Amino acid sequence: MLETNGWLLIGLDSTQNEAQLLAAYDDAAGVTTQFNKNLLERANSELNANFSLDAFAHEARFNKLEGRVEMHLQSLQVQKVVIGDASFDFKVGETIFTESCYKYNHERFLKITEACGWQHVKHWQDDQISAFTLFLFKEK
């Protein structure tokens with residue numbers, strides 16, 4: 001969608017600090033928990049479901065193999081949830097996999113962007129945190 005000789009400024013989370021990534025996706029203030037449980041609220045209001053929000057706990061996991069943070073809602077009890085005409089039985093500990101948040105190390109991300117026709121010009125990264133990088137590219 002960019003004109004010829006376009007530029008791209010993009011930021012991304014990296015995989016360098018797993019503990020920090022998990023802390024961000026399982027924040028102490030509960031913001032991510034509310035975001036994740038909003039799926040259940042929406043299913044209740046829009047799909048005639050009967051999820052009990054208190055019967056599920058938010059869980060963030062780091063999947064090293066896939067390079068992503070995964071968000072789950074874990075059932076805290078044996079329960080049956082109805083969505084419209086369908087019903088679903090949950091065991092204690094069973095999860096609903098709600099989101100994948102992919103993280104890329106610099107080398108992998110640069111390969112992807114190069115394959116898409118972008119030339120790396122510069123990047124900026126906080127040396128102390130090493131969790132977020134801002135990249136500048138131009139069209140090849």
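So the values come out like this:
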read-out	value
Within the range 109-133, tally of residues that are within 30 Å of H58 (Cβ to Cβ), surrounded by 13 or more Cβ atoms within 10 Å (Cβ to Cβ) and at pLDDT 85 or above	1
Residue in the range 79-90 that is of a type in the set (D, E, K, R), under 15 Å from L53 (Cα atoms) and assigned by TED's automatic domain parsing to the domain that holds A60 present	yes
The range 115-140: number of residues that are more than 24 Å from the chain's Cα centre (by Cα) and either outside any strand (DSSP E or B) or not hydrophobic (A, V, I, L, M, F, W, C) (or both)	7
T113 vs. criteria in the same structural domain as E46 (by TED's automatic domain parsing) and hydroxyl-bearing (S, T, Y)	no
Some residue of the range 70-77 being outside the structural domain of F132 (by TED's automatic domain parsing), under 17 Å from the mean Cα position of the chain (by Cα) and of a type in the set (A, V, I, L, M)	yes
Odd one out for F137 among (1) under 30 Å from N50 (Cβ atoms); (2) outside the structural domain of L53 (by TED's automatic domain parsing)	(1)
Residue pairs meeting the criteria (Cβ under 9 Å; at least 6 apart or on separate chains; first basic (K, R), in the range 95-115; second assigned to a strand (DSSP E or B))	K103/L12; K103/D13; K103/F62; K103/R68; K103/V69
The range 25-50 - residue that is among the charged types (D, E, K, R) and modelled with pLDDT of 95 or more and, of those, farthest from L73 (Cα to Cα)	E46
Of all residues making up the range 5-45, the number that are in a loop (DSSP other than H, G, I, E, B) and of a type in the set (D, E)	2
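The values are calculated or read from the model by the stated rules, or taken from the named source; none is laboratory data. All values reported here derive from a predicted model rather than from experimental measurement. A quick note on method: Cβ atoms are made from the backbone with ideal geometry, for glycine too, and the neighbour counts reach across all protein chains shown.
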